[in-house]
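Participant: Here it is, the structure in full.
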Amino acid sequence: NYLFDSLQDQFDNLEKHTQWGIDVLEKYIKFVKERTEIELSYAKQLRNLSKKYQPKKNSKEEEEYRYTSTKAFLATLNEMNDYAGQHEVISENMTSLITGELTRYVQELKQERKSHFHDGRKAQQHIETCWKQLEASKRRFERDCKEADRAQQYFEKMDADINVTKADVEKARQQAQLRHQMAEDSKAEYSSTLQKFNSEQHDHYYTHIPSIFQKIQEMEERRIVRIGESMKTFAEVDRQVIPIIGKCLDEITKAAESVDHKTDSQLVIEAFKSGFEPPGDIDFEDFTQPMKRTVSESSLSNSRGDGKSEPKFGSKSKGKLWPFIKKNKLMSLLTSPHQPPPPPPASASPSAVPNGPQSPKQQKEPLSHRFNEFMTSKPKIHCFRSLKRGGAGPEDFSNLPPEQRRKKLQQKVDELNKDIQKEMDSRDALTKMKDVYIKNPQMGDAASVDHRLAELGQNIEKLRLEVQKFEGWLAEVEGRLPARTEPARRQSGLYEAQNTSAVNSCAQDRESPDGSYTEEQSQETEMKVPATDFDDEFDDEEPLPTIGTCKALYTFEGQNEGTISVAEGEMLYVIEEDKGDGWTRIRRNEDEEGYVPTSYVEVYLDKNAKGA
């Protein structure tokens, strides 16, 4: 019994130990699984980080990435994206090579362990059954021997007693012989059972149990080897991506080494150089001599005694004032000494007078007075509209410095030429298709492409006209063509030096309604308008003529600057159509006009309508 109990204890110990081994394996699987989740999360965060700082397409940020430092940063973002990809590879390899394999192995291990311990319990139950059979045979043999001994004693007692009949003695003798025979049979059975048990016990302890224990040992050793191999694979998966990660880091280092401060500085210079030349020195003004003021030949204007009108800003300025001259400084130079400077305006901000009424006409004043009035006056509705709508700038980029204007015009010419080439390629393709249709009518109708060919021809002609227009402006900027001139108008000697320059004022909006006028916060003034428009800036603008009427479909509260409030069902005059930005310019009376959403009104255009 002690042996059986001891053996049973060993089975219990082995069962607990092997279960602990499986728990360790499952714990390691969970550890690797969580590591893969961390790798995936890290890779996702890296990709989101790289995407977050990528420049947006068709935005100002994309233009900033032409510098070497920002190019290096962009390369770093791209490499970080590849770096994140390697962490995804780590997660995928660990999932397939470790987590998946070990999960299947654990299921197989549980089945094998269950089988081995089932065999062990079965062998243990068999040997216990044999032992019980041996004990029963032994007790039966012992009982039969005792019964035979008592029967023999009773027979001897009966045989010695003279008072007992012979028949009783014979009966006692037969009973003693029967009991003795039963004892012999029990002895033979016990001997056979004992031999059988000894054989079973020998096989149990020397064959069956050792075999089962060996299988359990091999199973446990395979588990230990397998977890060791998985740990090695865990390290190898990381080691396999190290060369690629190293290449990513090398590319980041290479990008960092490509940063060149000189190149970036030159790009900044090229991007922002204006083409202006510094103004000349200003002569001393002697106020001790009343009504006398001299201006240096190198200042903003020529002396009054000089009959020529040569601009003193240099040929490259093309009528532009030096951008760092403040407006009050400029006015002190341009104002006639006989006329004191006008008082400062109530507000120099373009937003101070939204939708203000048109200024009534006044008598003509000297040019210096008019120029003073222009420089200190508030912008009219044309300019205000361009500010309200985002300030896209005039079509000829005349609001830019000469160098920047040249670049923009050249860029526009290149874009138009590309568009022309695309249209010409499409036209050539359609022409070939038409020739094929003519030769093979069954393939298609040749006349079906005529309408498209005509459209392409019109588009090409329009684009060529646009190219000519921008090339003319470009030639003017580059000095290949003379600036537009007209017969000399009434100008004082002070302004003869400025015959090629004027202020880019709101009057230009008549030619380009979507143009922009920007008055900087520092009140730095740029003036660039052909001389043909110079005098026009000093004439009060006539109100725009009405081109139709409209009916308000909905009530609109014009709370923003530049807009006008309308009531549902109200009839108003249309003075400017929608230019594609969703706004229509209307007029209620002579002093009230502004913009309303096009979708809020129903327009009735009349080409023959006269100005209100």
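Participant: Going down the list 71/412; 60/408; 110/215; 71/254, which pairs span over 18 Å between their C-alpha atoms? Walk me through the numbers before you get to the answer.
Facilitator: Working: 71/412 25 Å; 60/408 15 Å; 110/215 14 Å; 71/254 12 Å.
Violating the 18 Å Cα-Cα cut-off are 71/412.
Participant: Moving on to the next point. Which three extents, in whole angstrom, do the alpha-carbon atoms of region 548-605 cover along their principal axes, largest first?
Facilitator: Extents along the principal axes: 26, 23, 23 Å.
Participant: While we're here: For 122, 110, what's the largest-to-smallest order of accessible area, 1.4 Å probe?
Facilitator: Values: 122 135, 110 80 Å².
My answer, sorted largest first, is 122, 110.
Participant: Still on this model: Averaged over all directions, how much area does the convex hull of the C-alpha atoms of region 1-267 cover when projected, in nm²?
Facilitator: 22.1
Participant: Sort 448, 230 by accessible area with a 1.4 Å probe, largest first. Don't skip to the answer; put the middle values down first.
Facilitator: Numbers: 448 75, 230 10 Å².
From most exposed to least exposed: 448, 230.
Participant: So with the 1.4 Å probe, I'd like the accessible area per residue for region 1-267, rounded to whole Å².
Facilitator: 67
Participant: Now, a different point. What FRET efficiency, computed as 1/(1 + (r/R0)^6) with R0 = 25 Å and r the Cβ-Cβ distance, is obtained for residue 168 and residue 189, rounded to the nearest 0.05?
Facilitator: Between residue 168 and residue 189 the formula returns 0.20.
Participant: Measure off, as a whole percent, the carbon and sulfur share of the 1.4 Å-probe accessible area of region 1-267, all protein chains present.
Facilitator: That share works out to 53 percent.
Participant: May I ask you to work out the translational diffusion coefficient for region 402-478 at 37 °C, viscosity 0.692 mPa s, via Stokes-Einstein with Rh from the Kirkwood sum over Cα pairs, reported in whole µm²/s?
Facilitator: 232
Participant: Next up: I'd like the accessible area for residue 473, computed on protein heavy atoms only with a 1.4 Å probe and all protein chains in place. Round to 10 Å², please.
Facilitator: The accessible area of residue 473 comes to roughly 40 Å².
Participant: With all protein chains present and a 1.4 Å probe, how do 164, 596 order by accessible area, largest first? Numbers along the way, then the final one.
Facilitator: Numbers: 164 30, 596 0 Å².
Largest accessible area first, the residues go 164, 596.
Participant: Write out the trypsin sites (Lys or Arg not before Pro) in region 34-80 meeting two conditions: DSSP loop, and at most 13 other Cβ atoms within 10 Å of their Cβ.
Facilitator: Working: sites: 35, 44, 47, 51, 52, 56, 57, 60, 66, 71; in loops: 56, 57, 66.
Those satisfying the criteria are 56, 57, 66.
The values are calculated or read from the model by the stated rules, or taken from the named source; none is laboratory data. Computed from a predicted structure; not experimentally measured. Please note: Cβ atoms are built from the backbone with ideal geometry, for glycine as well, and neighbour counts cover all protein chains shown. Heavy atoms of the whole protein, side chains included, go into the accessibility calculation; ligands, DNA and RNA do not. Shrake-Rupley method; radii C 1.70, N 1.55, O 1.52, S 1.80 Å.
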